[in-house]
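Visitor: Here you go, one structure.
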Amino acid sequence: GKGNHRHFMHKEIFEQPIVIAQTLGRYVDPGAGTVTLPDLPLPAGDLRRIIMVACGTAHYAAMVGKYWLESLARLPVEVDIASEFRYRDPVLGDGDLVVVISQSGETADTLAALRHAKGAGIPVAAIVNVPTSTIAREADVRLDTHAGPEIGVASTKAFTCQLAVLACLAVGLAAARGTLTAAEETDAVQRLEHLPAMMARMLVDEDAIAALARDISGARDAFFVGRGTLYPLALEGALKLKEISYIHAEGYAGGELKHGPIALIDAGVPIIGLAPDGDLFGKSWSNLEEIMARQGHVYLFTDADAPADTLSGHVPMPATDPLTAPIAYALPMQLLAYHTAVEKGTDVDQPRNLAKSVTVE
Ligand code: F6R
């Protein structure tokens, strides 16, 4: 049941501290400060490339995974949409590992991508939430997410658990390949271990986000902007908003705004900026300043001190790093979509035209 929550989506958003701890618990040894992965079909030393394939929200998780696997494990990573991968005759070869990502484990295009890879003799690992699903059964190795049943059509806790598994995969492969020292591995493990408590603290106060949702609920269009691991989160924030509130939303990498979409900016288009403090903050801030100079209303999610007088809204975030940021920033993206949908009175758990499991292509 929904317990004291009005919708399954709300319940599932609030379950995240527990299911992230559960999922991390399967891969991380906090005492030793190490990550343990199941045996992959290819030894870490023979891996030449990872190709991640998924649909929708799971595809955005894969995009985050690419940033982590490249920066930590120094492995080349390609990310593809399952419906494109299966029909575009991809070049596959020795040293490739295909990683499919799916909550349901039944998505037709993702399953077809898995079969395509196996047919070409390429080993497949599946990051999957339903261990009895077809994708779970057909993969060479399973990396389970332990999100528990997800009922709301809009994926929430399954997404952050996919990210948690991908973070462990990146740290574990980096340690095995020698691109992270033992001390760096332990440091990464400790940062991941802080996530459940950080997420629980973030969920205590959803009023600021509900107020922001009231502000944007009248908009016809909205933009989400991020850089680095927050770029895929901008895409995910936009997808969540469009699928349950029916507001047209787009996610952009900060540096891309001036290559076209900035033409659409006016006072009627709210811009959600995702900009954790760190190396990329200055770049993100100057992208947002360009928007504000064109009368755009910017709502900023950050832990940095940003000049609040030019912003239309500012949601303070906890301090993060590139490994923890996308998981932490997923929460306010989900809550923003949720409260906007509630404000508009749409069917949060059963949005129009959508099915929980897409078993036809
Ligand atoms: C969005 C959403 C979908 C799914 C996609 C893949 O909130 O839920 O985009 O992520 O249909 O589904 P799975 O992960 O079951 O393969």
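The values are calculated or read from the model by the stated rules, or taken from the named source; none is laboratory data. What you are looking at is a predicted structure, and each value in this text was computed from that prediction instead of being measured. Note that we place each Cβ from the backbone using ideal geometry, even for glycine, and neighbour counts take in every protein chain shown. Accessible surface is based on the protein model in full, side chains and every heavy atom, while ligands, DNA and RNA are left aside. Shrake-Rupley method; radii C 1.70, N 1.55, O 1.52, S 1.80 Å.
Visitor: Among the numbered criteria (1) in contact with a Phe, Trp or Tyr (Cβ under 8 Å, 6 or more places away or on another chain); (2) open to solvent by less than 10 Å² (accessible area, probe 1.4 Å), which one does Ser245 miss?
Guide: Checking Ser245 against (1) in contact with a Phe, Trp or Tyr (Cβ under 8 Å, 6 or more places away or on another chain); (2) open to solvent by less than 10 Å² (accessible area, probe 1.4 Å), the one that fails is (1).
Visitor: Additional query: Name the single residue, out of those in the stretch 110-129 being touching a strand residue (DSSP E or B) at 6+ places or on another chain (Cβ under 8 Å) and assigned to a loop (DSSP other than H, G, I, E, B), that is nearest to His10 (Cα to Cα).
Guide: Across the stretch 110-129, the extreme among qualifying residues is Asn129.
Visitor: Failed condition for Lys283, given (1) exposed (fewer than 15 other Cβ atoms within 10 Å of the Cβ); (2) in contact with a Phe, Trp or Tyr (Cβ under 6 Å, 6 or more places away or on another chain); (3) of a type outside the set (A, V, I, L, M, F, W, C), with all others met?
Guide: For Lys283, the failing item is (2).
Visitor: Of all residues in the stretch 127-143, which are farther than 10 Å from Gln103 by Cα, of a type outside the set (Val, Ile, Thr) and open to solvent by 20 Å² or more (accessible area, probe 1.4 Å)?
Guide: Arg137, Glu138, Asp140, Arg142 - these are the residues of the stretch 127-143 that are farther than 10 Å from Gln103 by Cα, of a type outside the set (Val, Ile, Thr) and open to solvent by 20 Å² or more (accessible area, probe 1.4 Å).
Visitor: While we're on this one: Among the listed residues Ala120, Ala147, identify the single one that is open to solvent by less than 10 Å² (accessible area, probe 1.4 Å) and either within 14 Å of the ligand (Cβ to nearest atom) or farther than 29 Å from Arg6 by Cβ (or both).
Guide: Within the list Ala120, Ala147, the selection yields Ala147.
Visitor: What are the pairs, 6+ residues apart or on separate chains, where a residue within the stretch 153-177 that is open to solvent by 10 Å² or more (accessible area, probe 1.4 Å) has its Cβ under 8 Å from a residue that is of a type in the set (D, E, K, R) and within 16 Å of the ligand (Cβ to nearest atom)?
Guide: Close Cβ pairs satisfying both conditions: Val153/Glu243; Val153/Asp349; Val153/Lys356.
Visitor: Being out of contact with any strand residue (DSSP E or B) (no Cβ under 6 Å at 6 or more places or on another chain), part of a helix (DSSP H, G or I) and either aromatic (Phe, Trp, Tyr) or surrounded by fewer than 19 Cβ atoms within 10 Å (Cβ to Cβ) (or both) is the filter here, so list the residues in the stretch 324-361 that pass it.
Guide: Selection gives Tyr338, Glu343, Lys344.
Visitor: In addition: Looking at (1) surrounded by fewer than 19 Cβ atoms within 10 Å (Cβ to Cβ); (2) touching a residue at least 60 places away in the same chain (Cβ under 8 Å); (3) within 22 Å of Lys240 (Cα to Cα); (4) of a type outside the set (S, T, N, Q), which one does Asp321 not meet, given that it meets all the others?
Guide: (3)
Visitor: Go through the stretch 254-278 and report how many residues are in contact with a Gly (Cβ under 7 Å, 6 or more places away or on another chain) and closer than 20 Å to Ala62 by Cβ.
Guide: 1
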